[in-house]
Every structure is written in structure tokens, then in C-alpha cells.
Ligand code: TXA
Ligand code: MG
């Protein structure tokens, strides 16, 4: 689709009119609405069945739009934006009063990112307002990486088709108040972030305290059949379990010969990340999906985070 398409113009118009629209980004597809219109944003929560305390990411097309939603920009955020925007990094800022509470789940902060996707940027510009958008899946389901995924979950939604999402996993979320920390691992790796902020860590999730990022406390990405995740060293255990009937194995390309019924996740970490949600969304006709994990380095950390959240058992 191009910005000159009729459907694109209708999408921008719907956003201006306070309706929800399916939007492409380089990470995953989003379910977007005018971030400054509480009524429009409420429609997102309703469509997704999303708990109201789980805040949304606000998407902007340029720096001037940032100043409409945030109160101040800490120096470390300037550095991060310089390096990673437009791109798959979401930064949590102190919010302006103009951002309705429904967007932020009542928090005094707002999460913002500038996507690196021409059609997404053109759509935000055409709508003329910042766009609040969570991933365009019903709460708990795997995130969508193609327009077809979104159509399957929301058949009546107007969707701007921007092709297959390049990264296939969501943005990395970083807090910059106090000690900068990662609230959600994502498409930008910890190693890349450390080139800008040496020593930055992933926030520990302590069950007794309020979660640093509310979305982290919910079960996510669940496929239709139980997913059993095997750590990379547990190949022998996986081979045993894979012998039983009605089990499908998902593993890195090079391990395919080890199992009777195996499907490739891809070979590089980038390929695996890009394929992951599509694979979790397939109708497997199997009793269990057995997944061989990958080392938690670079994008591997993000892939394993999503798999751990999707898993009903970890071996
Ligand atoms: O790549 C992405 O980030 C995609 C695309 C559409 O941009 N969006 C996305 O949104 O993944 P969602 O709603 O599925 O995840 C947003 C995450 C949640 O974990 C949420 O808790 C966290 O961001 N978040 C949002 N606002 C926050 C805030 N003010 N403070 C802390 N965490 C926040
Ligand atoms: Mg999501």
C-alpha cells in the first residue's frame, strides 16, 4: 500500500475521527487510535480485551510531536533518541496533562516511540496527532507480524498493509527516570543499548512489588496448543519427548535432522525473531509444540523472553 491509496486516506480520516485502525510498523502491527482522545483510546482496550492498568505506547512522526506528549526530556533520552530513532526503542518520559489517563493506565509517565516505517510515519503525519497503539492482537495472543494476522483476529478492522514486519518482535522499552533500565527486552538488543549507556540492565521483576512495566505481569503470546520450551542444553530430553506421537518440534535450522517431525525457526537470531510469532500463530494439529531454545545473547534474549512467556512448561 502507498500513501496515495484510497484505503490509506480513509485510515487517516478514521484516526482523526476517533476510530481505531490497524497500523504497520517495523516491529509488529499495532492497533492505533488518537492518543489525545480518551474515547478513541478506550476503543483499543475494548477491542483487545486489555486490562485497563496496562498502558499503551504513543507513536510519533517527528520531534515536535514529542513535545506535545512529554513534560521534559532527560539528557540520556536525548542520546538514545539520537542513536535509535526512528526505530524499535520505546522511551518512558514524564507525561503532559494532555495525555489522557486511559493511555498510561493512570501512571504519571508516557511511553513513546518513533517507528522506522515509512507508511507508519506517513499515517501519523496524515492523522496529525500522536497515535497510541498496542500490538494488534487480542490480549494474551501472539503479536501480529502481517496484515493477514491482524485481519484474522479483527475481521472488520480497517488495516493499513505495510508488508511483513521487519523485526517481528516488539520494541525495547527503557525507563530514563533515575538509573536508566530496560523494562521490556525487544528488537533493540541490550548490547546495542550498552554502546550508548554502558552497564544498563534489565529491571528485575519482583512479584511482591508493582511491576516496573505493567505489561510484564500478564501471560502472553500463548499458542493454541501447549508450548514446552527446552533450554538450549536440553537436546537429549527434547529428543525423548519428540518420539511421542503428535508432538511438533520447532528448532534452529541446523538441528532439524535430530528430530522426526521438526520445523525450522530460522537460522540466524534475526530470522528466528522475524518468524517467531507467525509460527506461534499456526494451527499445528499437534498435542504439544516442543521448542528448542536459543542462547540468551543479542536478539536471542528477546526471543527467549517471548518463548518463556508463551510456555506452559520449561525444561
Ligand atoms: O513494538 C512495539 O512496541 C509495538 C508496536 C505496535 O509499536 N507495540 C507494543 O505495545 O508492543 P504493547 O502494548 O503490546 O506493549 C507496550 C509495553 C507494555 O509492556 C506496557 O506495560 C509498557 O509498554 N508500557 C507502556 N507505557 C508504559 C509506562 N508509562 N511505563 C512503563 N511501561 C509502559
Ligand atoms: Mg502486546
Report task. Please specify each residue of the stretch 100-111 satisfying the condition of being buried (at least 24 other Cβ atoms within 10 Å of the Cβ) and touching a helix residue (DSSP H, G or I) at 6+ places or on another chain (Cβ under 6 Å). Result -> 103, 110
Query raised in the report: Got a number for residues in the stretch 97-113 being over 19 Å from the mean Cα position of the chain (by Cα) and in a helix (DSSP H, G or I)?
Result: 2
Query - Verdict on residue 164 being away from ligand 2 (no atom under 16 Å from the Cβ), farther than 28 Å from residue 94 by Cα and free of Cβ contacts under 8 Å to residues at least 12 places away in the same chain - result: no
Report task. Just need a number here: residues in the stretch 265-315 that are more than 20 Å from the chain's Cα centre (by Cα) and over 21 Å from residue 140 (Cα atoms). Result -> 4
Query - Residue satisfying condition, being at pLDDT 95 or above, closer than 20 Å to residue 174 by Cβ and more than 13 Å from ligand 2 (Cβ to nearest atom), within set 134, 100, 115 - result: 115
Requested in this report: Please state which one of 14, 63, 7 is within 19 Å of residue 92 (Cβ to Cβ) and away from ligand 2 (no atom under 15 Å from the Cβ).
Outcome: 63
**Report entry** Of all residues in the stretch 117-128 being surrounded by 19 or more Cβ atoms within 10 Å (Cβ to Cβ) and more than 9 Å from ligand 1 (Cβ to nearest atom), the one that is farthest from the chain's Cα centre (by Cα)
**Finding:** 127
Query raised in the report: On the given criteria, is residue 138 in a loop (DSSP other than H, G, I, E, B), in contact with a helix residue (DSSP H, G or I) (Cβ under 7 Å, 6 or more places away or on another chain) and surrounded by fewer than 17 Cβ atoms within 10 Å (Cβ to Cβ)?
Result: yes
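Residue-wise test of (1) within 20 Å of residue 144 (Cβ to Cβ); (2) touching a residue at least 60 places away in the same chain (Cβ under 8 Å).
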position	(1), (2)
246	no, no
250	yes, no
259	no, no
277	yes, yes
284	yes, yes
288	no, yes
293	no, yes
Requested in this report: Exactly one condition in (1) assigned to a loop (DSSP other than H, G, I, E, B); (2) in contact with a helix residue (DSSP H, G or I) (Cβ under 7 Å, 6 or more places away or on another chain); (3) within 13 Å of ligand 2 (Cβ to nearest atom); (4) modelled with pLDDT of 95 or more is not met by residue 149; state its number.
Outcome: (1)
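Yes/no matrix, rows are residues, columns are (1) touching a residue at least 40 places away in the same chain (Cβ under 8 Å); (2) not in a loop (DSSP other than H, G, I, E, B):
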{"residue": "11", "(1), (2)": "yes, yes"}
{"residue": "25", "(1), (2)": "yes, no"}
{"residue": "28", "(1), (2)": "yes, no"}
{"residue": "31", "(1), (2)": "yes, yes"}
{"residue": "41", "(1), (2)": "yes, yes"}
{"residue": "44", "(1), (2)": "yes, yes"}
{"residue": "47", "(1), (2)": "yes, yes"}
{"residue": "53", "(1), (2)": "yes, no"}
{"residue": "72", "(1), (2)": "no, no"}
Query raised in the report: Looking only at the stretch 227-251, which residues are within 23 Å of residue 141 (Cα to Cα) and either at pLDDT 95 or above or in contact with a helix residue (DSSP H, G or I) (Cβ under 9 Å, 6 or more places away or on another chain) (or both)?
Result: 227, 228, 229, 230, 231, 247, 248, 249, 250, 251
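The values are calculated or read from the model by the stated rules, or taken from the named source; none is laboratory data. What you see is a predicted model, and the numbers here were worked out from it, not measured in a lab. Cβ sites come from the backbone with ideal geometry, for glycine too, and all protein chains shown count toward neighbours.
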